[in-house]
Structures are given as structure tokens and as C-alpha cells.
Amino acid sequence: MKKILVPTDFSEQAQNAYEVAVAIARKTGAAIKLLHAVEMPHTPNFSATGDVLLPDNMEQVYTLQLLENAKVQMQRLISSVDGEGIDVVEEVEIDRPISKIRRTIEEDGADLVVMGSKGASGLDEFLIGSNTEKVVRTAECPVLTVKQRIQHFDAKEIVLASNFKKEMRYAVERFKAFQELFGARIHLLYVNTPGAFESTGELRKRLEDAAQRYGLQNYSINIYNDVIEEDGILHFANEIRADLIMMATHGRTGLAHLLSGSIAEDLVNHTNIPVLTFHLK
């Protein structure tokens, strides 16, 4: 893990994410890039004949002021966290946040994205979702989402939730790196629901086979009964006082995502426990 990307909107949650990124960088020696994209409102002016008028000097002044304000906030963020000895660079640019984050992940070859999440619920969650959700859905590297402030982030109890049916070796290798980094215990979790009930014996064998296949060490096997998968993951994680939840996500977009949704994205929205996600390959 050499490069950590931390997109920021200077919110409380984004600062919490930066603090976690610094804690990880101390353990790995990784460099951090703090990224802020200034999104301009698309409000073109129209003449009486309907022609679009070019931006005037006032709009240019407004843009420059936004950039200057962002740079001041960036320096304030950097100075608020003890990052001594860590290579931290910052970038402020005019762009759509999601587009800029995706491009930076690809161009920089980021190994990890750490983002703050405010969460979303109700109609906002269904129709729009958060920027963090969109990054979780599309990023080509692991994404760690953080809500609450965590002093001295140290993930000792990690939940890895899955149905363990699909091949997920590539994702598990990334997850194992986190386990080794923190010397953590991984709790393999299958949530058994009424609509897809399976016998405990069969499930234990599937999870044990997966643990052996992926070369896991220091792990536990857990079958948890609940009404829906998301609730089961949250209840189990809270019961064992988990420091981190890890999940592979399908990364579907468009209609496929709207129809099937994503348990990983739901968790990002609804839990205060940090969530590490990575695409199934």
C-alpha cells in the first residue's frame, strides 16, 4: 500500500477519514493525496434570442474565490491532524467530484481510497445516493468509508460478510493485507435469512472451505440468523464490537443497480462502523 487517496469536502466526516488515512499511512509508509474538486453550478445566461452567453468577469472572479477558499480550508485540514513524517500532497481543481476521483484513482494508481460518509436515507438514498456510494460502486481499488471520529484507528476485530458462493480471491487478498497490517482476527459471516435459508452444517462447510481455499489464518466461522442480510451484518458486528466490516461488492450501475441494489452500499449508508469494500473481479 503506497498511495492513499482522501477526497475531501472539508466536512467533519471528511476530517475523520483523513485522520484514519494518516493512521494507516503511519503503519504502511504510504503517501496521502488530499483531493478537493470545486464543482461549478451550471447556470448559463441566455440572451433574449435564446443564445447562451459566455461567462462574464464576475463569474471568473467567483470561480477564483471558490478556489482560494478551498486552498485555505485544505491547509486548515492538514494542520488540524498530526501528519509529521507522512508525505501529504494536496490538489484543488474545478471538476465534478465523482469524475475527478475516478480519474485520480486511475492516473495515480491509488491503492486505497479513504472517504468520509454522511450516509443517506429515504428518498435521497433511493434516487441520488451519496458521492461516497458512487465511489464504492465504481472504484477500481478498495474504498474505506468512515463516519465517526476514531482516535488511534486500530482494526483488531474484522467482519468479512459474504455468501461465499462466488470466486472472490482477488478481493480476499486485499482484505488479508488489512488483516495482516493490524494483526486482526477475521470473523467470516454468513447471514441466514428466511427467504434463502440453508442448513447450518452446509454453511459451516462452505465457509471453512473458503477459509482454506484463500489461505486465511486467525479467523472464526459464524452463521447468523436474521430477517435480512444487512440487519444481520449490523447486528453481528455490533455484538462482537467490530472495528471494521469488509465486503466485496458487485459494482453494478444503471438499471441493474437500481433493481438489485447493493448490501455493501446500504451498510455504508447505515452503519457507524468503518466499511472496506472492493469489487469482485
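Can you compute the helix-only [θ] at 222 nm over the chain? Use -39500 (n - 2.57) per DSSP H run of at least 4 residues, normalise by all residues, nearest 500 deg cm²/dmol. Let's see the in-between values first.
Working: 10 runs with 121 residues, N = 281.
For the chain, the value works out to -13500 deg cm²/dmol.
What does the charge count around Arg26 come to, taking other residues whose C-beta lies under 12 Å from its C-beta (Lys +1, Arg +1, Asp -1, Glu -1)?
Working: positive: Lys27; negative: Glu19, Asp82, Glu84, Asp87, Asp154.
Neighbour charge sum, excluding Arg26 itself: -4.
Which Cα, out of Met115, Val268, Asn222, lies furthest along the positive dipole direction of the chain (beta carbon charges, K/R +1, D/E -1)?
Toward the positive end, the furthest listed residue is Asn222.
In debye, nearest 20: dipole of the chain around its Cα centre with unit charges on the Cβ of K, R (+) and D, E (-)? Walk me through the numbers before you get to the answer.
Values: 30 positive and 40 negative charges, 190 e Å.
So the magnitude is around 920 debye.
Quick check: net charge around Lys147, other residues with Cβ under 10 Å of its Cβ, Lys/Arg +1 and Asp/Glu -1? Working shown, then result.
Working: positive: Lys118, Arg149; negative: Glu12.
Net charge in that neighbourhood comes out at +1.
What net charge do the residues around Asp87 carry, taking every other residue with its C-beta under 15 Å from that of Asp87, with Lys and Arg at +1 and Asp and Glu at -1? List each step's numbers first, then the result.
Numbers: positive: Lys2, Lys3, Arg26, Lys27, Lys33; negative: Asp82, Glu84, Glu90, Glu91, Asp108, Asp111.
Combined, the nearby Lys, Arg, Asp and Glu give -1.
If you split all Cα-Cα distances of the chain into 10 Å bins from zero, what percentages do you get per bin, shortest first?
6, 27, 33, 20, 9, 4, 1, 0
Of the heavy-atom accessible surface of the chain (probe 1.4 angstrom), what whole percent is carbon and sulfur? Present the calculation step by step, with values, prior to reporting the outcome.
Numbers: 7330 of 14510 Å².
Solvent-exposed carbon and sulfur of the chain make up 51 percent of the total.
How long, wide and thick is the stretch 160-281, going by the Cα atoms along their three principal axes, in whole angstroms, largest first?
Projected onto its principal axes, the Cα set of the stretch 160-281 covers 38, 31, 28 Å.
Under 5 Å between amide hydrogens, which residues at least 5 positions from Ser117 or on another chain qualify, with H placed 1.01 Å from N in the peptide plane?
Here the answer is Val146, Lys147, since their amide H atoms fall under 5 Å of that of Ser117.
Of the listed pairs Lys156/Lys205; Lys3/Lys165; Lys2/Lys176; Lys100/Lys176; Lys27/Lys156, which have alpha-carbon separations greater than 23 Å here? List each step's numbers first, then the result.
Values: Lys156/Lys205 25 Å; Lys3/Lys165 31 Å; Lys2/Lys176 16 Å; Lys100/Lys176 29 Å; Lys27/Lys156 14 Å.
Flagged as over cut-off: Lys156/Lys205; Lys3/Lys165; Lys100/Lys176.
If you take the beta carbon distance between Ser80 and Glu173 as r and set R0 to 25 Å, what does 1/(1 + (r/R0)^6) give as a FRET efficiency, to the nearest 0.05?
Working: r = 34 Å, r/R0 = 1.37.
Taking R0 as 25 Å, the efficiency between Ser80 and Glu173 is 0.15.
What accessible area per residue comes out for the stretch 139-260, rounded to a whole number of Å², with a 1.4 Å probe? Present the calculation step by step, with values, prior to reporting the outcome.
Working: 6170 Å² over 122 residues.
On a per-residue basis, the stretch 139-260 sits at 51 Å².
Tell me the GluC sites (Glu not before Pro) within the stretch 67-113 that lie in a loop according to DSSP and have at most 15 other beta-carbon atoms within 10 Å.
Values: sites: Glu68, Glu84, Glu90, Glu91, Glu93, Glu106, Glu107; in loops: Glu84.
Passing both the DSSP loop test and the Cβ count: Glu84.
The values are calculated or read from the model by the stated rules, or taken from the named source; none is laboratory data. Since we're looking at a predicted model, the values are computed, not measured. When we count neighbours, we look across all protein chains shown, and the Cβ atoms used for this are built from the backbone with ideal geometry, even at glycine. Accessible surface is based on the protein model in full, side chains and every heavy atom, while ligands, DNA and RNA are left aside. Shrake-Rupley method; radii C 1.70, N 1.55, O 1.52, S 1.80 Å.
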